[in-house]
Amino acid sequence: MGYSYKILETDMELLAAALSEVPVAVLLKSGPEQQLEAGPIRAYTPQSVRIRGLSYCRELHEFRILAPGSA
């Protein structure tokens, strides 16, 4: 069974995810598709996103939420 997901790219998408406290998966943009972390967004800036106490560079990482009805 495949999963569909939404990639969070804009500040507005990150804000909506942070306010709704949905789990967000963090993956590297390059290399093998491997999830590094998952959890609610606690803060974000134009350069980084903070999840579970760690900051991830927005240029190097991809942030995903499962799309509604995907599971």
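Quick note: the coordinates plus some simple rules give every number you see, no bench work behind them. Owing to the predicted nature of the structure, the values given are computational and were not obtained by experimental measurement. No Cβ is skipped: glycine too gets one built from the backbone with ideal geometry, and neighbour counts run over all protein chains shown.
Quick look at the values:
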read-out: Debye, to nearest 20: dipole size of the chain, +1 on Lys, Arg Cβ, -1 on Asp, Glu Cβ; value: 140
read-out: Charge tally in the Cβ shell below 12 Å around Ser55, where Lys, Arg are +1 and Asp, Glu are -1, Ser55 excluded; value: +3
read-out: Volume in Å³ per residue [convex hull over Cα atoms, computed for the chain]; value: 85
read-out: Longest exposed-site-free window of the chain, the sites being trypsin sites (Lys or Arg not before Pro) in a DSSP loop that have at most 14 other C-beta atoms within 10 Å; value: 1-28
